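The values are calculated or read from the model by the stated rules, or taken from the named source; none is laboratory data. What you see is a predicted model; the values in this text were computed from it and never measured. All Cβ positions, glycine included, derive from the backbone under ideal geometry; neighbour counts span all protein chains shown.
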Amino acid sequence: MSVLSFVRTRDLHDAVGYARAIHGVVARHGAITLAALELTSTRPGQGVSSMHEYGRTAGWWEGILCAFAIPHVLVTPQRWQKAVLDSRGRKDTKTHSLETARRMFPQFAEQLGAKDDGLADALHLARYAGVVQQPQSAGRLEQEATVSTHRTH
């Protein structure tokens with residue numbers, strides 16, 4: 001099973017690059033059974049052009065997933081965090097997300113530095129997709145190193 005998740009970053013900017021990333025994952029790991037995209041919304045103070053660019057990028061990802069016939073889910077941060085992180089009483093969800101990701105995905109521990117909460121979120125989003133959306137795969141996701149995470153704009 002390969003579960004694919006995507007979180008926002010600023011290092012990829014083109015649809016062709018995204019399609020190549022998907023192709024590379026499929027070539028290395030086989031069919032992607034489910035992709036998870038984080039569904040976010042605007043926040044006060046965010047610029048119109050940055051939200052426009054984010055919307056374009058999200059649309060590219062959805063289109064590419066459809067073109068590759070990859071089933072996908074759109075999930076809010078609140079929903080996946082509630083499902084896979086025990087954040088009750090915690091104010092700093094970024095630190096908690098990093099600590100939990102290091103514990104649950106030791107194969108990525110060295111890549112999860114203090115500023116890599118996006119990678120941690122992508123791992124948790126993949127776990128949400130694999131465990132909550134595809135419950136028959138529960139337990140296997142943590143054991144397999146085929147979780148592919150990509151950061152998007």
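General remarks:
- Residues located in the range 73-93, provided they are buried (at least 18 other Cβ atoms within 10 Å of the Cβ) and out of contact with any strand residue (DSSP E or B) (no Cβ under 8 Å at 6 or more places or on another chain): 81, 84, 85
- Among the residues making up the range 57-72, those that are closer than 13 Å to residue 40 by Cα and surrounded by 13 or more Cβ atoms within 10 Å (Cβ to Cβ) are 57, 58.
- Filter pass, residue 126 being outside any helix (DSSP H, G or I) and at pLDDT below 90: no
- Of the candidates 83, 122, the single residue that is in contact with a Phe, Trp or Tyr (Cβ under 6 Å, 6 or more places away or on another chain) and touching a residue at least 24 places away in the same chain (Cβ under 8 Å) is 83.
- Selection within the range 94-107 - surrounded by 16 or more Cβ atoms within 10 Å (Cβ to Cβ) and over 20 Å from residue 33 (Cβ atoms): 96, 97, 98, 100, 101, 102
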